[in-house]
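Asker: Here you go, one structure.
Nothing in this text is a laboratory measurement; each read-out follows from the coordinates by a stated rule. Values in this document were obtained by computation on a predicted structure and should not be read as measured data. Please note: Cβ atoms are built from the backbone with ideal geometry, for glycine as well, and neighbour counts cover all protein chains shown.
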Amino acid sequence: MYTYLFLLQITKQIVKANGETVFTAALTTTNEKAEIRVLAFVATKSHAQFESALVKMRQSLHLYGHLQPKIVYTDNPAADKQFLEHVFDFLHEDVVPVDKHATLKALVRPEDVNISLQSSASGIESGLAKIVDDLSIEDETSHVVVGFDAEWNVDLTTRGAAQPTAIIQIAYGKWINIFQVELNSCNID
């Protein structure tokens, strides 16, 4: 079974000709092995802009005897669901509808997981020290596993110029660390 990751990524600027943006988005479709199957530069976010690329991918999979996708992940399921089911009609096969949120329990942060919000250099260093302290200097194979995310503002008025990272989030053990590293860019209460 192939699982495809379907991403529509909006870019700040791919190509400009005579001051006009030529491509506004890049669509990347990968299989479960992170192998790129489709990379399409599109002028708009309209599904019509990349439908033919997905149809050709479907035909290519069939032609060479590969399995068709059974699961599709997208960052915009409400907008993409009907379109993807049109392109890959077999996505309807063996689907059991689920009552919307009928039996799902609310996601609750465990009481023993702590959240730490830091904006000072000393607070950030203290949060990172909790992670570094678990590394063994003597053991070269020592490692830690963290969850990492970063946020920054996008300023389209400066032609997509890079903006500084505003927030770094690191989850480790029983801690969720939120570091405000660029206070002028943060919009957190």
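Asker: Please compute the Kirkwood hydrodynamic radius over the range 30-114, one decimal place, Å, based on all pairs of different Cα atoms.
Answerer: Roughly 15.8 Å, rounded to one decimal.
Asker: Filter the cross-link list Lys33/Lys100; Lys70/Lys174; Lys70/Lys105; Lys105/Lys174; Lys56/Lys81; Lys33/Lys81 down to pairs whose alpha-carbon distance in this structure exceeds 29 Å.
Answerer: Over 29 Å Cα-Cα: Lys33/Lys100; Lys70/Lys174.
Asker: Using 0.36 nm times the number of residues separating Ala79 and Ser116, minus their current alpha carbon distance, what extension gain do you get?
Answerer: Extra length available between Ala79 and Ser116 comes to 9.8 nm.
Asker: How compact and how long is the range 48-98, expressed as Rg and Dmax of its alpha-carbon atoms in Å?
Answerer: 11.6, 34
Asker: Now a separate question. With r defined as the distance between the Cβ atoms of Lys33 and Ile137 and R0 fixed at 45 Å, what FRET efficiency is calculated, to the nearest 0.05?
Answerer: Numbers: r = 36 Å, r/R0 = 0.80.
Step by step, r from the Cβ atoms, then E = 0.80.
Asker: Something else: First obtain the Kirkwood hydrodynamic radius of the range 5-146 from its Cα pairs, then insert it into the Stokes-Einstein equation at 10 °C and 1.306 mPa s, and state the resulting D in µm² per second as a whole number.
Answerer: The diffusion coefficient I find is 79 µm²/s.
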